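Contents: one structure, followed by commentary.
The values are calculated or read from the model by the stated rules, or taken from the named source; none is laboratory data. As the structure is a prediction and not an experimental result, all values here were calculated from the model. Virtual Cβ from ideal backbone geometry, glycine too; neighbours counted across all protein chains shown. Protein only, heavy atoms only, side chains kept; ligands, DNA and RNA dropped before computing areas. Shrake-Rupley method; radii C 1.70, N 1.55, O 1.52, S 1.80 Å.
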Amino acid sequence: MSTEEKEFHEEDAVRLMERYRQTHDVELRNQLVMHYSYIAKACAVQLRGVYQNYAQLEDIVNHGIITLIDCVERFDPQKGKRFESYAYMRVRGAVISLVRQQDWIPRRVRMTAKKIQEAHDTLCNALMREPTKQELCEELEMQPEALDKAFMEISSATMLSFEGLIQNVNQMGDLLEDFSDENSKVDNNIYQQELRQKLAEAIDQLSERERLVVTLFYYERLKIADIAEILGVSIQRVSQLSSRAVMKLRRTLEAYMKG
């Protein structure tokens, strides 16, 4: 990176944003969008597990750029947020919303996920432990290959579902912050802390491998294929672990949010 580029990154972007707010010059807006385009690319890469079966990376990046343009036009520094943080949450939310609005998850996949979850819960209650793959196949009257395929499809759906839930929580926190007085903001901070604590407790209750998959996917942002290589298991097994973990986490968060 050249010295000129570094100086622009660290010093000129804020001034350029202020000039745009005063002039609404399209050329200045385009410079800002190009400068912050890495945000759209980063979100597209990080969320690849959500849309990889349904859309191309380039399409998601383009959608992110469109959202980024709107971010530049709407950004209000008076609210005390850094543009990067504001734009990241907006672009990430736009990608998730796009996938959900397009209804890329077939009804068949949703029904299969519900059927597998019910069978899993039934076996857990009966056996007082996690069922094996063979036991789950027998309960569902499915062949192992069919179950593997189902878990692959469900994996993308559950990732999207969990990402959407987290996004809704974050957006709700932003709304509370924007329209609350100082005392209410303190309450909102407590709520966010409690939610993080509930999520941490739910993660602690996962099996060791489920926790590892969640960590590698959601925190390290690795692809399922990379996680499979690290764990020395099949991609189908990683999808199974991911789906099972996310279903458990989602149930915990939904129960907390509903009181």
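Some points to look at:
- Pair list, Cβ under 6 Å, 6 or more apart: the stretch 218-243 residue under 25 Å from residue 41 (Cβ atoms), other residue buried (at least 20 other Cβ atoms within 10 Å of the Cβ) and not aliphatic (A, V, I, L, M): 242/155
- Some residue of the stretch 129-140 being at pLDDT below 85 and either assigned to a helix (DSSP H, G or I) or at positive phi (or both): yes
- Checking residue 38 against (1) closer than 21 Å to residue 220 by Cβ; (2) surrounded by fewer than 16 Cβ atoms within 10 Å (Cβ to Cβ); (3) within 16 Å of the chain's Cα centre (by Cα), the condition it does not meet: (3)
- Within the stretch 187-206, residues that are within 30 Å of residue 130 (Cα to Cα) reach partners that are at pLDDT 85 or above with beta carbons closer than 7 Å, at six or more positions or on different chains, in the pairs 203/211.
- Any chance residue 190 is over 21 Å from the mean Cα position of the chain (by Cα), of a type in the set (A, V, I, L, M) and at pLDDT below 75: yes
- Selected residue [assigned to a helix (DSSP H, G or I), touching a residue at least 40 places away in the same chain (Cβ under 8 Å), among the basic types (Lys, Arg) and open to solvent by less than 80 Å² (accessible area, probe 1.4 Å)] from 92, 110: 92
- Selection of first residues in the stretch 59-88 that are open to solvent by 20 Å² or more (accessible area, probe 1.4 Å) and of a type in the set (Ser, Thr, Tyr) and of second residues that are at pLDDT 90 or above and in a helix (DSSP H, G or I), restricted to Cβ pairs under 8 Å at least 6 apart or on distinct chains, gives the following pairs, ordered by first then second residue: 86/71; 88/39.
- In a residue-by-residue description of the stretch 67-82, the property of being outside any loop (DSSP other than H, G, I, E, B), at pLDDT below 85 and within 17 Å of residue 240 (Cα to Cα) applies to no position.
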